[in-house]
Every structure is written in structure tokens, then in C-alpha cells.
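The values are calculated or read from the model by the stated rules, or taken from the named source; none is laboratory data. Predicted model, so just to flag it, every value in this text is computed and none were measured. Cβ placement follows ideal geometry from the backbone for every residue including glycine, while neighbour counts extend to all protein chains displayed. Note: areas computed on protein heavy atoms with side chains; ligands, DNA, RNA excluded. Shrake-Rupley method; radii C 1.70, N 1.55, O 1.52, S 1.80 Å.
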Amino acid sequence: MEASHGGDKGKSRLCSICNQRRPALKRPKTLQQICKECFYEVFEEEIHRVIVDNKLFKPGERIAIGASGGKDSTVLAYVMSELNRRHNYGLDLFLLSVDEGITGYRDDSLETVKRNEVQYGLPLKVVSYKDLYGWTMDEIVKMIGLKNNCTFCGVFRRQALDRGAALLKVDKLATGHNADDIAETVLLNILRGIYSPNAYRGFAREFIKDLERIRPRAILDIIKSGEDFRIATSTKMPEQGTCQRCGYISSQKWCKACVLLEGLNRGLPKLGIGRTRGVNSEHRKNQQIDTKNIQSKPCGTLDF
Amino acid sequence: MQLTLEFGGGLELLCDSVKIHSVNVDLPAEEKKLTMKHLLAWVRSNLIKERPEMFMKGDTVRPGVLVLVNDCDWELSGQLETTLEDKDVVVFISTLHGG
């Protein structure tokens, strides 16, 4: 980069932390204009404080890092290995990836995870939908079409991480969810019950990014509101139990993954979709099998 | 004016899956300087092949798209008013796609 004229564009000020270098970004959280080097420093230090203050890890623990090859989990893998080394957390770290079996989709990102494996020296475990459930996403889409396929993919991915964590015998699983993701979840939890979930999923993300443009702290404020929710004492909260069929986490008799899988294996793919509860509410609807052969499309080309 | 434009985070899918573009952008008529505002309009009509609404909203980028001019967030250089010079590098990264 040519510092000479590049510098002109932000020449009015220097980094508000070191007062030496040219600022490269404005932190939404503090509105401070800071340079790249200082950003890394405060970012890593803040994460370290959160880990220490909340006693997230104990020495000797085995931790899986959910790694998709995307930017968030790549940052997570870097930060975890760096802080573990710098502050002697004494953790055994592993990378855990999920291969959904979508042709042409994961190939690139799994290459990124393999680079993370080499770069940070972290052992990598890849679990596939095909091995865990007997179905690839491509096969699922052939059976059910493109409507609702994101439900299968999301539910299966969540449990695939649990299963991978069990295979690696880790104590904890770290995921790279960022502030945007959490704020979106808070909003979706408020909207749930008012609207049909798939109607506003894309909208929620766009809405919080619109808010952020007006008020950069808005995203952190939404998260704070979420943390401060008070639940009416009369509200029955779901209890964490285990699935009677597969033994992984579930608040119901059968976990969502098992309900969906049962539907696929019995040729009733709508089991567990929408408001019908299938196995968990005893009455089952016979539904037509949609055998239309629809080409699977990676989510990236549908929406981002 | 010769510029390097880079698209990431999924935005490259809107321009034939090519991430890095070396382009020549002419100054708009009767203007002395090339601004980001002009560049965005140019990108929209010359590079974006599909779904321009994924890239732009109104006359600026869609919220959630990061813009870096020579490795520096365009919020610090005046956003749409940022003036560009020969050989500048402009990077667009969508944060709306999955992480």
C-alpha cells in the first residue's frame, strides 16, 4: 500500500489509542478511530477478559472449535490458539467441521479449515451428514425440494456439532457466533409466535444492519436487552433433557433431528416441519412424498 | 483511472465469481475527481451481473457491506464522498452471508 496518498484520506486524525498510526476503522462499540494493530490488541484483550471473568475454561480441558472455514470461525480459531498460548490456559484445542454434503459448497471452505489446521497446529475432525444420518443434503433436497431444506440443514448441523464433540471427547464446544448473530437471535425470539419464522429470518438481519447504520451501538444494545429479558413466572420454560432415541440434547421426547430423520427414512419428509409436532404429539399426518428432482443450490446463491 | 476492486464474503457471486478486478474508470464528465459515489454507480452498471439489490440499497452499499479504501474503512474517509486516486484498492466484503 502506498502510505503517502492513502494517508491523506484519513489525515485529520491518528489512532486514538496509540496516537501514532493512521486509523483503519471506527469501532462501532466505542466510535473510536483506531489502527489495525491497536484493534487486534484491544479485541484480543477483551476476549481474554471475558474468558477470565466468566471462568469459561479450566486448565486441562479439551475444547472443540466449530470451524466452517468462514471468517467468524477462522477468527475464533486464531484467537483461541493465540490466547491459549499467550496466557497459558492449558487447553487442548481441536477444530471440528461439518460436511453437509452439498456439491460445490463446502469444498472451498473445508480447504480453508485445512489451512487453519496447519497454520494453528490444531487437529481437525470432519463429521459428515452422510456418516451421521445416512443422508447428504443433496439427497435430502432431492427428496423434499428446496422448501424447508434449510430446516433440515440447520437442525442437523447443530446436532452434528454435538456428535462431533462427543467423538472428540471434548469438555466444551466454542462457536464463532458474532454480535450480529446474537442480536438477530434476540429479535427472532421476540418475533417468534407473532409471525411465521421463515417470513422474517432474512428481514431481521437486514433490520439490525439498518439500525446499526443509524446508531452503531444498536446491535450491542439489542444483545443487552436480550440479556435483561424477564420471563413471567407463569411461563413454562423448556427443560433440557436427552432424546429417547439418540441420546443427544432435546427438550422433547424425541429431538428435532430424530423427528426429521424419521420423516426422511419413512418417506414423510414433512414430519417435524412447521407446527405439526409429529412423534412428539402422537398424531401424524400422512403426507405426499415430493419426488420432484430439484437441483440442490448452495445457500450462498440463494441469499446472503 | 486504474483501480483494483475486490469482492468478498459472497459478493463475488454477483460478478461471475471473480474476486479481484483490475479496472479502468473514467472521470465523470465535468468532474475533476472520482468519488466513491461515482465508483459505486460504475460498479453497479459494469461489474454486477445479477441481483444488484444484494450489493446496493439506494445510492450506497447495502447495510452490512464493509467498504475498505486502501485497507481503511471508508467511514474514516468520508464514505460516498471519498475521492479516489490512480492505483487505489477498494475492497467490498459482505457480512450478511453466513460467517
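Take the stretch A:59-91 and flag every residue that is away from every other protein chain (no Cβ under 14 Å) and in contact (Cβ under 8 Å) with a residue 60 or more places away in the chain. Don't jump to the end; show me each part of the working.
Applying the first criterion (away from every other protein chain (no Cβ under 14 Å)) to the stretch A:59-91 yields A:59-64, A:80-91.
Of everything in the stretch A:59-91, those that are away from every other protein chain (no Cβ under 14 Å) and in contact (Cβ under 8 Å) with a residue 60 or more places away in the chain turn out to be A:GLU61, A:ARG62, A:ILE63, A:ALA64, A:MET80.
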It is to be established whether one or more residues within the stretch B:83-99 are among the acidic types (Asp, Glu), outside any strand (DSSP E or B), open to solvent by less than 20 Å² (accessible area, probe 1.4 Å) and in contact with a Ser or Thr (Cβ under 9 Å, 6 or more places away or on another chain).
yes
Residue check: is A:LYS236 open to solvent by 30 Å² or more (accessible area, probe 1.4 Å) and assigned to a loop (DSSP other than H, G, I, E, B)?
yes
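Which residues, taken from the stretch A:72-100, are open to solvent by 20 Å² or more (accessible area, probe 1.4 Å), touching a Ser or Thr at 6+ places or on another chain (Cβ under 8 Å) and not in a strand (DSSP E or B)?
Just the residues of the stretch A:72-100 that are open to solvent by 20 Å² or more (accessible area, probe 1.4 Å), to begin with: A:72, A:74-76, A:78, A:81-82, A:84-90, A:92, A:94, A:99.
Restricting the remaining residues to those that are touching a Ser or Thr at 6+ places or on another chain (Cβ under 8 Å) gives A:74, A:76, A:99.
A:THR74, A:LEU76, listed by residue number.
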Output the residues belonging to the stretch B:1-25 that are open to solvent by less than 50 Å² (accessible area, probe 1.4 Å), part of a loop (DSSP other than H, G, I, E, B) and within 20 Å of A:LYS71 (Cα to Cα).
B:GLY9, B:GLY10
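Checking the structure you have, find out if any residue of the stretch B:46-53 is within 8 Å of chain A (Cβ to nearest Cβ) and either touching a Lys or Arg at 6+ places or on another chain (Cβ under 7 Å) or modelled with pLDDT of 90 or more (or both). Spell out how you get there, then give the answer.
Start the filter on the stretch B:46-53 by keeping residues that are within 8 Å of chain A (Cβ to nearest Cβ), which leaves none.
So far as the stretch B:46-53 goes, no, none of its residues is within 8 Å of chain A (Cβ to nearest Cβ) and either touching a Lys or Arg at 6+ places or on another chain (Cβ under 7 Å) or modelled with pLDDT of 90 or more (or both).
Which residues, counting only those in the stretch A:101-111, are surrounded by fewer than 17 Cβ atoms within 10 Å (Cβ to Cβ) and in contact (Cβ under 8 Å) with a residue 24 or more places away in the chain? Give the steps one after another, and end with the answer.
First pass over the stretch A:101-111, keeping only residues surrounded by fewer than 17 Cβ atoms within 10 Å (Cβ to Cβ): A:103-104, A:107-108, A:111.
Across the stretch A:101-111, the qualifying residues are A:THR103, A:GLY104, A:ASP108, A:GLU111.
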Which residues, counting only those in the stretch A:115-141, are within 17 Å of A:PHE156 (Cα to Cα) and either surrounded by fewer than 15 Cβ atoms within 10 Å (Cβ to Cβ) or out of contact with any helix residue (DSSP H, G or I) (no Cβ under 9 Å at 6 or more places or on another chain) (or both)?
A:ASP131, A:GLY134, A:ASP138
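Is it the case that some residue within the stretch A:136-149 is free of Cβ contacts under 8 Å to residues at least 12 places away in the same chain and not in a helix (DSSP H, G or I)?
Pass one, the stretch A:136-149, residues free of Cβ contacts under 8 Å to residues at least 12 places away in the same chain: A:147.
From what's left, not in a helix (DSSP H, G or I): A:147.
The answer is yes; a qualifying residue exists.
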Looking at (1) over 30 Å from A:ARG21 (Cα atoms); (2) polar (S, T, N, Q); (3) more than 13 Å from the chain's Cα centre (by Cα), which is the one condition that is false for B:ASN46?
(3)
Tally time: how many residues in the stretch B:69-99 are in contact (Cβ under 8 Å) with a residue 24 or more places away in the chain and over 11 Å from B:MET36 (Cα atoms)?
11
Just one of (1) assigned to a helix (DSSP H, G or I); (2) open to solvent by less than 70 Å² (accessible area, probe 1.4 Å) trips up B:PRO28, so point out which.
(1)
Only one of (1) modelled with pLDDT of 90 or more; (2) of a type in the set (Gly, Ala, Ser); (3) open to solvent by 30 Å² or more (accessible area, probe 1.4 Å) fails for A:ALA218. Which number is that?
(3)
Tell me, yes or no, whether the stretch B:14-36 has at least one residue that is within 11 Å of B:PHE92 (Cβ to Cβ), within 10 Å of another protein chain (Cβ to nearest Cβ) and of a type outside the set (Ser, Thr, Tyr).
yes
Criterion first (without any contact (Cβ under 8 Å) to a residue 60 or more places away in the chain, under 29 Å from A:LEU93 (Cα atoms) and within 14 Å of chain B (Cβ to nearest Cβ)) does A:ALA179 satisfy it?
yes
Does the stretch B:59-78 contain at least one residue that is outside any helix (DSSP H, G or I), aliphatic (A, V, I, L, M), crowded, with 18+ Cβ neighbours inside 10 Å and within 7 Å of chain A (Cβ to nearest Cβ)?
yes
Is it the case that the stretch A:206-219 has a residue that's over 23 Å from A:PHE152 (Cα atoms) and away from chain B (no Cβ under 14 Å)?
yes
